[in-house]
Amino acid sequence: MYLVLFILFAGLCVAGALNLLLQRHPINSALSLIVVMSSLAVLYLLLGAEFLAAAQVIVYAGAIMVLFTFVIMLLNAGEEERTHGSKAAYIVGIPGVGIVVGLLAFFFLSARTHLAQAKLGDYIVSTSDLSKVLFKDLLLPFEVTSVLILVAILGAVALASKEH
Amino acid sequence: MTIPIAWYLVLSAILFCIGVAAFLIKRNIITVFMSIELMLNAVNLSFVAFAYQWHRLQGQIFVFFVMVVAAAEAAVGLAIIIAIFRARSTLNVDQVNLMKL
């Protein structure tokens, strides 16, 4: 069961990411990124991170991607055209990235005996456990992020508004 | 039925590398920005996997902070994209090669 769920949603993740890479129109890329983020939420649930799965759907697949699709529609972005720079990226980038992913996979799989086995329902972090750590030990960073959000809102409004 | 945590790390590596490739190849500035989000998501997955591995909450807290910063970054970044589009009338990164307007 666990294996089936993992393979299904890991496959969806990789397929969505590849679709993001291959699509020419930005709105198709945005929709496939939503697929990636939603299936990552299921993988978080499999790893026992309930709160993060909910936050992933609400914040990433909801808020951030709505912002992206909104900007794509606002700017009326069309299909991207191929240029000289992108050909160089194809020639140099694709083999380099392939080598990096091969090396990383080799190291992770060779260290597999030192890593644990994941089992369904083995380690579930409840929201109350998470909030105890967040609001007791890490209260100052939490408050600092609220200041960061405020600054980001002001910056976004200042940047996007028309100058007179 | 169990599966190794290493598989999650491999999946995370694959997603990160697809994000890097998309960052290099894509020419539309919005898609380039989306591939940055993909890379952040890949790193989040490995944080959650290691939080499971060591049974520590701190990994998941870190993911929470990454999400908050990503939300702020997306808001500011898209505002910058709107400002660039207003000044240049293009979204192609090859044509946005001068800092001077």
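The values are calculated or read from the model by the stated rules, or taken from the named source; none is laboratory data. Keep in mind that this is a model prediction, so the values were computed, not measured. With ideal geometry, Cβ positions are generated from the backbone for all residues, glycine too; neighbour counts draw on all protein chains shown.
Okay, residues lined up against (1) under 21 Å from A:Val92 (Cα atoms); (2) in contact (Cβ under 8 Å) with a residue 24 or more places away in the chain; (3) in a helix (DSSP H, G or I):
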| residue | (1), (2), (3) |
| --- | --- |
| B:Thr31 | yes, no, yes |
| B:Ser35 | yes, no, yes |
| B:Ser46 | no, yes, yes |
| B:Arg56 | no, no, no |
| B:Phe64 | no, no, yes |
| B:Val69 | no, no, yes |
| B:Ile80 | no, no, yes |
| B:Ile84 | no, yes, yes |
| B:Ala87 | no, no, yes |
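Residues in the stretch A:121-146 that are more than 11 Å from B:Gln58 (Cα to Cα), in a loop (DSSP other than H, G, I, E, B) and touching a helix residue (DSSP H, G or I) at 6+ places or on another chain (Cβ under 9 Å): A:Asp122, A:Tyr123, A:Ile124, A:Ser126.
Reported count of residues in the stretch A:110-164, each being aliphatic (A, V, I, L, M), over 23 Å from the mean Cα position of the chain (by Cα) and farther than 30 Å from B:Ala79 by Cβ, is 4. Among residues that are more than 8 Å from chain B (Cβ to nearest Cβ), part of a helix (DSSP H, G or I) and within 22 Å of B:Val20 (Cβ to Cβ), A:Phe68 is not included. A:Val57 meets each of the listed conditions (1) more than 21 Å from B:Val48 (Cα to Cα); (2) out of contact with any Leu (no Cβ under 9 Å at 6 or more places or on another chain); (3) in a helix (DSSP H, G or I) apart from (1).
Just checking, does the stretch A:89-111 include any residue being within 7 Å of chain B (Cβ to nearest Cβ), among the aromatic types (Phe, Trp, Tyr) and either within 24 Å of B:Ile5 (Cα to Cα) or surrounded by fewer than 16 Cβ atoms within 10 Å (Cβ to Cβ) (or both)? Checked against the condition, which is being within 7 Å of chain B (Cβ to nearest Cβ), among the aromatic types (Phe, Trp, Tyr) and either within 24 Å of B:Ile5 (Cα to Cα) or surrounded by fewer than 16 Cβ atoms within 10 Å (Cβ to Cβ) (or both), the stretch A:89-111 yields at least one hit.
Tell me whether the stretch A:23-40 contains one or more residues that are more than 9 Å from every other protein chain (Cβ to nearest Cβ) and touching a Phe, Trp or Tyr at 6+ places or on another chain (Cβ under 6 Å). The answer is yes, given that some residue of the stretch A:23-40 is more than 9 Å from every other protein chain (Cβ to nearest Cβ) and touching a Phe, Trp or Tyr at 6+ places or on another chain (Cβ under 6 Å). Among the candidates A:Val125, A:Val57, the residue that is of a type outside the set (Ser, Thr, Tyr), at pLDDT below 90 and surrounded by 15 or more Cβ atoms within 10 Å (Cβ to Cβ) is uniquely A:Val125.
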